[in-house]
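Values in this text are rule-based calculations from the coordinates and carry no lab data. If you're wondering where the values come from, they're calculated on a predicted model, not measured in any experiment. As a convention, Cβ positions derive from the backbone with ideal geometry for all residues, glycine included, and neighbour counts pool all protein chains shown.
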Amino acid sequence: MPRADFLTGLVLLLVSAMLIGEGLTLPGAGGLIMKGGEPGRVPLFLGVVIATMAVVLIVRAISQNGHRLRGAARFDSENKQALGRALAVAVGGTLYVGLLGHNFLGSDTDYAVLTFGFVFIFIVIAEWKLAPEIAGRRWQTLDRRAPAAAARLTAIFGFVSPARAPYVWLFATAAFQAVVLSVIVSYVFEKQFFVQLP
Amino acid sequence: MLAMLQDIVSYLIQTAGYVAVAFGKFNSLDVIAYVIGATLLGIIIGVLPGLTATMGLALLTTLTYKLEPNAALLSLMCLYVGAIYGGSRTAILLNIPGTPANAATTLDGYPLARMGRAGPAMGTATTGSFLGTVIGIIFLATIAPKLADYALEFQTHEFLWLAIFGVLISGQLTAMEDPIKGWIAGFLGLAVAMIGQEGLYMTDRFTFGYTEMQGGIGLIPAMVGAFGFSEVIAVMYNRRAEIVRAKVKLLDVIPDPREIVRYWRTIGRSGVIGTIIGIIPGVGEDIGAWVSYAAARRVSKEKKMFGKGSVEGLMAAETGNSAAAPGAVIPVLTLGIPGSAPAAIVLAAMVLHGVRPGPMIMIESPSFVYEVVVMFFFASIAMFVLGILLTPMLLKVLTIPRERLMPAVFVLCVIGSYAIQQRMFDVWVMVVFGIVGFVLREMKYPMAPLVLGIVLGDIFDKSFRRSWVIHDGDLMFYFTRPISVILMVMCFGTIVMSIGPCRRYIGPKIQAAMSATVGLVTGFVRAHFSLIVMLFALQRGAKAPDGVTLSARGAMSVYFGILADTVLDFVRAYCALLLGPFVDLGRLVTGTKADPEPARYGDDR
Amino acid sequence: MLRILMLSAAAIIGLSGAASAQNSSWKPSKPIRIIVPWGAGGSTDQLVRVLAAEIEGALGQTVVVVNQAGGAGAVGTKAALDAPHDGYTWTGGASKDLGTYIVTGAIDTQLKDWELYLATVNYTALSVNPNSKLKSIADIAKAMKDAPATVTIATGGINSAGGASSEALKAAAGGDYKMVTYDSGNAAVQATVSGETQVTTQLISEQYQMLRAKKLVPLAAYTNEDVTLDGIGTIPSIKKTLPKIAAGPVHFGIWIPKDAPKEVLETMNKVWDSKIKASDRLKKYAEAAGLTVLVTRGDEAYKAAYPVVQINAWAIHDGGKSKVSPDKIGIPRPN
């Protein structure tokens, strides 16, 4: 944590520099602006307070050797994976928002289609590794509860049965969820709340 | 004394009358549908770890903003109460708090479940949540109108110091082990509020030339980001939780009414503590539960059971967090300042629906406070009934894997931040707050002060500068008004108390002073209560069980006896407190060691 | 594809609702959106919602009110300006703001770019706290001269109606005062009631409840004639004491971009002349809010609104808040 605190402290110093900078450059008293009511007063104050706290954070971090950045940044594979997942969600979400209402490949993106795509891709990527296990478990459950139905399904769709082709199963369920979600959300907001979707 | 009692009684009757009138406004069948739907949704959101009350409220605000104001706010209150309650299910069964408010519930709830008493534990939580909400509601109905009256006196500098105090206390309490992180979060929130055209002279600040930035950062998009999107990232970041198929029988979760009798002290105490914690700006349900839990443990007869499956501890935690919900709405209504993060959404929703909460509320829309009381009342009833009937069924939602739930939540976050103002700028605000919020959260910065800062930033900015303009920069005016002086002292006190040695020295003294004051008040009440009882007995010529007839003189001696005891105790405690520092100074000089200090509240966690 | 499916489904459902639109030549095929550039519950919002309900009835199509507050109305007005001018996105507010965004440099739009549909007119009034020592306009003028910058006047901001009125007072009476700005006109009125400030020059509608409750004493109205109001009595015209003061009323209404399809404007003209002029709902709302009904449109509306824009634009310029001089964009100084 000391290293993170040290870095946060530096970022906070930057933020406070911005606040102080804006505080000093905003117009001062004169004209209609009364003395004491200068718009830059509060940003300046906040900048100073945040800078003070940032310095406290940095000093505390240094006393715990937080300023030594090299060498200590080791991630085990589990941490790396977790970080990868978080990053993927953040980037994916940003991409989805970025495409909304913008021209993409020659035509304006459609909310419903884009939402379908996002949900579908999210589920497929997130469940890819788990797919065989999930599909197998679902199949077992069905087999146990309704063996007749399971047998009939196997007879018809045997070539794509979840146990044999888990990814087909994954694509199908993900697509189903994505369609349902995007239709419901588009319908409710566009037709019930009269929102002009992006 | 009797006149005062009469006043209080007539005020209570009057309040009850207003509440009854307010009930009349909710007489359509739609109301039942909204109440049931929203409460159910709330419980489900509460049950699912990763979906919090704040996130649910932020999204529901969008979903209800086309409704009539009363219907929309009713739905929000129901979701609020439902979510805080729903989180207890997960806390008891899985040792994962469903919402942050239920963290204290895990301490005793989970051990109870492991003893095979999950059902009864959930019943206890239901009782606690219901009674906690009811206690909070009673305070809301009785205190809020008086507080609003009082707040009318608030001028610019009171609001200034209130804003600073709010940020400080919220930062301090939500980041117990490291208050500076709470304060940083709070001040960052204040800084965020600086973006946009300022309210006094319409000067652009931090807009970088964009017209859209002139409007500033919207609270709802920011909160959807900080509590929604960042939670989505966090859930995917953390290890995959085991999917649990929890099986609970319907009959098991029915609360045991005898518990109310057995734990009435715990319930009453936790309800009051929860409400007060709720009223404090930006400090909400989670802290309400912790403090109630700590207080219950302190005075409990079965102290050793706490943390190992104490019903009393569970009751305290669940009563405390539920009482904080109506408590947090009290400052929303009377000051326009949120008592907790979910209450900030409630505030934004009220503004969105054209209600202007603040000191003027009792003048502009006098019935509104009582309508909110009725909303909470409906919510608590629905929570109680649905909680008992549907708990076994609702627990099925725990089997939804995160990979399926989270994309849906994110889609709702996007549309939720977009729909109200219908502009993409708000969606980008949501995304930025989501990512930054996730990073801050991972580094143990609390989100509640950040949110409070965004709300208070505007108030702080304007009152700070306005007070300078009115008083020509004469700093002495801060000292001319008693409320502003009190708030100022509280601000500095908060800072001083966060410094370790100071806190260790002053903390116990403040507690002693508080308990002495509470003792004085309760002694007074007890004396008068027994006096009234005795006067009744005298009139009827009743006999005590041992056959002795009560005389007027005897009654008086009992009355004055209690009074004298109370006052003496009080004086003794205060003398000790006042002389204490001198004794300590003497010890310091002579080098003798002081007695070891008792543990304090925060250490109990 | 989805969208097409849903649109066709909606069209089938919508057919039944379109019957009431037989009088109009324009039949909107989707909901109309009015962007209110102020927060919900404010005076603009309330008025637009009343009008929206009436228009909804006349057109047989849903009218959605969206609040986009910020930038003293600039954010929402810009959104309406940037939206396609297909007749489905309108805005509303006070005409004096609409005409001066170009002066403050907020948006590049002028009053003449919009078709104005005015519904109400509102005046500012100078009122004091009942305990104030200032009992007349003459007292205030004297205090402003004798001890400059001691009289505190609460306004809802320099661009607000109250801000323009207090500046006009200074220009006409001489001396100086201290303007204390608040979040909104209502907050400014409340500050005068609580005694934090001595005077307020906000709109009568914002003072209405307080005037009726006798918590504020009206000294003069910024009108040419005296005003008589229910439950308050007659407020003398400020011109009686200060004949040269610039006193402009504030007009509220709905704006549609002028280059919107012709049939949209023609249909709206009809709706305005028949339905809105005869609207009981509007009358009742205006009565309760202390507003005066003034239903007018087109050139007539422009003629009514323009002089106030002129006054306001120059007040902003003289206050040092303009990015361009008003005469450069064809707004001459009022005489």
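Here the scattering of chain A is modelled by Debye summation over its C-alpha atoms, one equal scatterer each and no solvent; at q = 0.08, 0.14 Å⁻¹ the log10 of I(q)/I(0) is -0.61, -1.01.
Packing order of peptides B:425-436, A:165-176, highest average first: B:425-436, A:165-176 (average count of other Cβ atoms within 10 Å over each peptide's residues). Of the trypsin sites (Lys or Arg not before Pro) found in the range C:246-333, those that fall in a DSSP loop while having at most 15 other beta-carbon atoms within 10 Å are C:LYS258, C:LYS277, C:LYS323. As a length-normalised measure over Cα pairs under 8 Å and 6 or more apart, the relative contact order of chain C settles at 23 percent.
Amide H neighbours of C:TRP114 under 5 Å, counting only residues 5+ apart in sequence or on other chains, H built in-plane at 1.01 Å? So C:TRP114 has HN proximity to C:LYS258. The trypsin sites (Lys or Arg not before Pro) of the range B:415-519 that meet both conditions, a loop assignment by DSSP and at most 16 other Cβ atoms within 10 Å of the site Cβ, are B:LYS444. A P(r) calculated from all alpha carbon pairs of the protein assembly as shown, with 20 Å bins opening at zero, reads 11, 38, 36, 14, 2, 0 percent. Using only alpha carbons, the range A:77-192 has a radius of gyration to Kirkwood radius ratio (Rg to Rh) of 1.08.
Summarising the strand pairing of the protein assembly as shown, around 70 percent of its internal DSSP beta bridges are antiparallel.
Inter-chain Cβ neighbour count for B:363-376, averaged per residue, equals 1 (cutoff 10 Å, partner chain atoms only).
Per residue of A:4-16, other chain Cβ atoms within 10 Å of the residue Cβ number 2 on average.
Take the convex hull of the alpha carbons in the range B:176-272; its mean projected area over all directions comes to 13.0 nm².
In this structure, the amide hydrogen of C:TRP90, modeled 1.01 Å from its nitrogen in the peptide plane, lies closer than 5 angstrom to those of C:ARG33, C:ILE34, C:ILE35, counting only residues at least 5 positions away or on a different chain. Highest mean packing first, where packing is the average number of other Cβ atoms within 10 Å per residue, the peptides B:265-271, B:286-292, A:141-147, C:89-95 line up as B:286-292, C:89-95, B:265-271, A:141-147. When the scattering of the range C:277-335 is computed by the Debye formula from its Cα atoms alone, each counted once and equally, what is log10 I(q)/I(0) at q = 0.14, 0.29 Å⁻¹? Calculated log10 I(q)/I(0) at the listed q: -0.58, -1.11. If you take the Cα atoms of the range B:422-570, find Rg, then find the Kirkwood Rh from the mean of 1/r over all pairs, what is Rg/Rh? That ratio is 1.26, to two decimals.
P(r) tail for the range A:1-102: Cα pairs beyond 23 Å make up 57% of the total.
Across peptide B:350-356, the average count of Cβ atoms from other chains found within 10 Å of a residue's Cβ is 4. The Kirkwood hydrodynamic radius of the range B:117-239, based on inverse pair distances between different Cα atoms, is 18.8 Å.
Straight-line reach from B:LYS25: taking Cα to Cα under 20 Å and skipping same-chain neighbours fewer than 8 places apart, the lysines in range are B:LYS66. With the convex hull drawn around the C-alpha atoms of the range B:228-319, the volume per residue stands at 158 Å³. Just the number, please: percent antiparallel of the DSSP beta bridges in the range C:125-240, rounded to the nearest 5. Rounded to the nearest five, the antiparallel share is 55 percent. Under the simplified labelling scheme, the B:VAL496-B:TYR478 pair shows an inter-label distance of 1.5 nm, with each label point 7 Å from Cα along Cα→Cβ. Taking only the C-alpha atoms of the range C:149-250, Rg followed by Dmax gives 12.6, 35 Å. Annotation for the range C:133-228: GluC sites (Glu not before Pro) lying in DSSP loop with at most 10 further Cβ atoms inside 10 Å of their Cβ are C:GLU225. From largest to smallest, the equivalent ellipsoid semi-axes obtained for chain B from the alpha-carbon gyration tensor read 38, 32, 26 Å. The spacing between the range C:117-151 and the range B:1-63, judged by their C-alpha centroids, is 44 Å.
Its DSSP H runs of at least 4 residues, each contributing -39,500 (n - 2.57), put the calculated 222 nm mean residue ellipticity of chain B at -24500 deg cm²/dmol, to the nearest 500. In whole angstrom, note down how far apart the Cα centers of the range B:487-502 and the range B:407-453 are. Computed from Cα coordinates, the inter-centre distance equals 32 Å. Highest mean packing first, where packing is the average number of other Cβ atoms within 10 Å per residue, the peptides B:87-98, C:181-192, B:403-414 line up as B:87-98, C:181-192, B:403-414. The helix-based estimate of mean residue ellipticity at 222 nm for chain C, built from -39,500 (n - 2.57) per DSSP H run of four or more residues and divided by its residue count, is -12000 deg cm²/dmol to the nearest 500.
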